[in-house]
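The values are calculated or read from the model by the stated rules, or taken from the named source; none is laboratory data. Model, not experiment: these values are computed from the prediction. Cβ coordinates were reconstructed from backbone atoms using ideal geometry, including for glycine residues, and neighbour counts include every protein chain displayed. The protein model used for the area step is the full one, side chains on, heavy atoms only, and it has no ligands, DNA or RNA in it. Shrake-Rupley method; radii C 1.70, N 1.55, O 1.52, S 1.80 Å.
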Amino acid sequence: MTDNQTAQVEQDTNERGKKLLAERSEAPLIKTLTLGLGAITTLIVLTWAVELWLKLGFEWFDEQAMISCLGITLAVIFIRYPFSGGTERDTLPWYDAILAVLSLGACGYLAYFYGDIELNPFAARPTMFNLGIILLPLVWEALRRTTGWSLTLVFSVFVVYAFVGHLVPGTMRGLEQEPIRLIAELGVTNVAMFGLPMKIIVLTVVLFIWMGQLLLHTGASEWFTDLAAAVMGRSRGGSAKIAVVASGLFGSISGSAVSNVASTGVITIPLMRQAGYDAKSAGAIEAVASTGGQIMPPIMGAAAFLMAELLELEYTEIILAALVPSALYYLAVFVQADLEAAKNGIAPLPKERIPPFVRVVKEGWFFVLPYVALIYTLFSLNLPPQESAFWAAICVAIVSIIFGYKGHRINPKQLWDSVAGAGRASADIIVIGAMAGIIIAILDRTGLGQALTLVLAAVGEDSLFLLLVLTALVSILLGMGMPTSAIYLLLATMIAPSLIKLGINPIAAHMFVLYYGLMSMITPPVAIAAFAAASLSGARPMETGATAVRLGWIAYVIPFVFVLSPSLLGQGSTAEIVTTTVTAFIGVWISSCGLIGYMFGPLTVFYRLMFFVAGILLLLPAEAIPNGLLVNGAGLLLGILIVGKDYVSNRHKRKTQTVSSGES
């Protein structure tokens, strides 16, 4: 690129970035109300994380915090989101003001009345019914405004089934429910709307959202990018590798692939475009790297804590299980970015764009301390996740106040903005948590969960592969447009239990739905992370989505592998774990070469196919297929032959070119 072209790319991308990151054009009253209510939500969560009220002598139920946060969340949604859809409004209509007040009033009364429900639920049933008949429609409407019609229709089907399921013929017939009791229990109790999903979200996930907000306000995303530039900038395709590393690091805590694209993409996408990557490749690399952060330990966008709670396992088991699959994901992206650079002659970053490593570390080394605090409190002090998240977030604020990034310390306004922004950003996931709790209750009360298991068993009886394909498609469809924790929570509620009952390893089942739910972020037609990156790069959204699918191919394959062979998740003997891991890494490397069409030099169509076949043969789990070791061995032998052939051929070409140049 010429200097003028480079300047134009940077200007265009920055303008798009400003547009993507710009604050919604909200009226001052609406902005003030929603941020103020959001701050109250975060403050409630913070006081519960450190058991402040208990230490002051108040004995309150966790459900009272959840009820209060739901009421505030509903009010935020009705104030902020128009009835007709969209995210911009200039005024607050009278009917939405009434809905907001009704939400606060109903939940406020329920929080006050909740102690009586716990003492005598039978006597409190009339009041529970009255509150349920108010809260259930409010949650339905809030869900529609924040997530759209697709998820709302799914929720509606479950609610309708709860009332008429006993009329459904055949396997799917449910148990008959008493309508008054059903409404009372779905809308009020701690086994439905205020059940485990809501508890995990309110008491744990919101704290990680606050931690992410603090890191954004303190400049951590910029530091991650600078650190990646200092380490990777001197290698070929260094700009893309910076995007992979920086977005992976920040994406692990952001909890949203889209916000990760928006925060790091405004820096990394211009770098890639200036280096020579085309617009669709630059956008796709950023989208895939940002999405992958959600599966990378130790935080996994807070999904690790959700999974540990739902499976009733130690948190360490979850992150150890996630290590190898996430490493394979980033290996595939990294190799393809590197080979794309070699194939197209994309040079390293200019020296003036590479910050000195020592300077970068000196400027932001303290951003590592919150991670240290999180891991130390979790593993050494054995604190619960919510308390560990609280102290890690506090650590972010403290180190910024003491050290400051590039001389800029967090000020009281930014601290308050992080508190208010976290509460407001939590609105959609809190509503989804309420929905997930209701669905769990319906699955249990009506027997629908058992019926779904029987249906899936009928499919899986003939073909486990077909069952997994159908599950993957459903997971992608249901996951469209939602943040990480919400995607996982929904799929873990609806699909994973049936897979477990059919004999699939529990961690493998939950990881399977998490991976495919997240792939909705880069899978057209609703690839919102890819589309957000396309808006920054200036590429066509669908082209960017298609390129992202190719770059993230391993995420579509590896879940099948670890379902068939949980040894990839650290489940099994040491020999199985080591063998499966080594062959998987080699297989991903060789397959990625085939997809790009380059290794030591350009590959013909035939050799591209051979590379991909060899890689897949190595990826297949030896213990899960007949003659598995022979299959892996055949893949390794084929891989050695074609890699050797490619190396020798290209070495000969280079020698010939050198001789020709010397003679000329």
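Numbers at a glance
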item: Kirkwood Rh and Cα Rg combined as Rg/Rh, the stretch 499-543; result: 1.26
item: Sites excluded, chymotrypsin sites (Phe, Trp or Tyr not before Pro) in DSSP loops with at most 12 other C-beta within 10 Å, longest stretch of the chain; result: 123-664
item: C-alpha long axis of helix 506-518 to longest principal axis of the chain, angle in °; result: 80 degrees
item: The chain, accessible area per residue, ligands and nucleic acids excluded (1.4 Å, Å²); result: 41 Å²
item: Degrees, to the nearest 10: 28-49 long Cα axis against longest axis of the chain; result: 90 degrees
item: From the C-alpha gyration tensor of the stretch 104-227, square roots of 5λ in Å; result: 36, 22, 13
item: Within the accessible area of the stretch 342-432 (1.4 Å probe), percent carbon and sulfur; result: 66 percent
item: Given charges at beta-carbon only (K, R positive; D, E negative), |dipole| of the chain in Debye; result: 1840 debye
item: Rounded Å value of the spacing that divides the Cα centres of the stretch 552-568 and the stretch 631-647; result: 22 Å
item: Against the rule of thumb 2.2 N^0.38 Å, how large the Cα Rg of the stretch 331-377 comes out; result: 1.74
item: Relative contact order of the stretch 538-664, pairs being alpha-carbon contacts under 8 Å that are 6 or more residues apart, as %; result: 19 percent
item: Paired Rg and Dmax values of the stretch 148-203, which use every Cα atom, in angstrom; result: 13.3, 41
item: Protection proxy ranking, peptides 181-190, 500-509, average beta carbon neighbours within 10 Å, highest first; result: 181-190, 500-509
item: Value of Rg to Rh for the stretch 240-394 (Rh from inverse mean 1/r over Cα pairs, i.e. Kirkwood); result: 1.02
item: Relative contact order for the chain, counting Cα pairs under 8 Å that sit 6 or more residues apart, in percent; result: 17 percent
item: Peptides ranked, highest mean first, by Cβ atoms within 10 Å: ranges 234-245, 635-646; result: 234-245, 635-646
item: Selection from M494, V333, T146 lying farthest towards where the dipole of the chain points positive, charges on Cβ; result: V333
item: Compactness of the stretch 512-664 - radius of gyration and Dmax, Cα, Å; result: 19.1, 61
item: Farthest toward positive dipole pole in the stretch 148-304 [+1 Lys/Arg, -1 Asp/Glu at C-beta], among G170, M272, P297; result: M272
item: Solvent-accessible area, 1.4 Å probe, carbon plus sulfur percent, for the stretch 279-335; result: 61 percent
item: Most positive-pole-ward Cα, P566, T453, S388, against dipole of the chain from beta carbon charges; result: P566
item: Surrounding net charge for G276, when Lys and Arg each add one and Asp and Glu each subtract one, Cβ distance under 12 Å; result: +1
item: Cα-based equivalent ellipsoid of the stretch 530-573: semi-axis lengths in Å, sorted from largest, via gyration tensor; result: 33, 9, 6
item: Charge dipole (debye, nearest 20) of the stretch 145-281; +1 at Cβ of Lys and Arg, -1 at Cβ of Asp and Glu; result: 400 debye
item: Cβ charges +1 (Lys, Arg) and -1 (Asp, Glu), total dipole of the stretch 400-484, debye; result: 660 debye
item: Pairwise Cα inverse-distance average, inverted: Kirkwood Rh of the stretch 395-500 (Å); result: 17.0 Å
item: Per-selection Kirkwood Rh - the stretch 556-624 (Cα, Å, 1 d.p.); result: 12.4 Å
item: Between helix 94-119 and the chain: long-axis angle, C-alpha atoms, 0 to 90°, nearest 10; result: 70 degrees
item: Carbon/sulfur fraction of accessible area - the stretch 39-81, other protein chains in place, 1.4 Å, %; result: 64 percent
item: Whole-Å semi-axes of the ellipsoid equivalent to the stretch 179-330 (Cα gyration tensor, √5λ, descending); result: 36, 16, 13
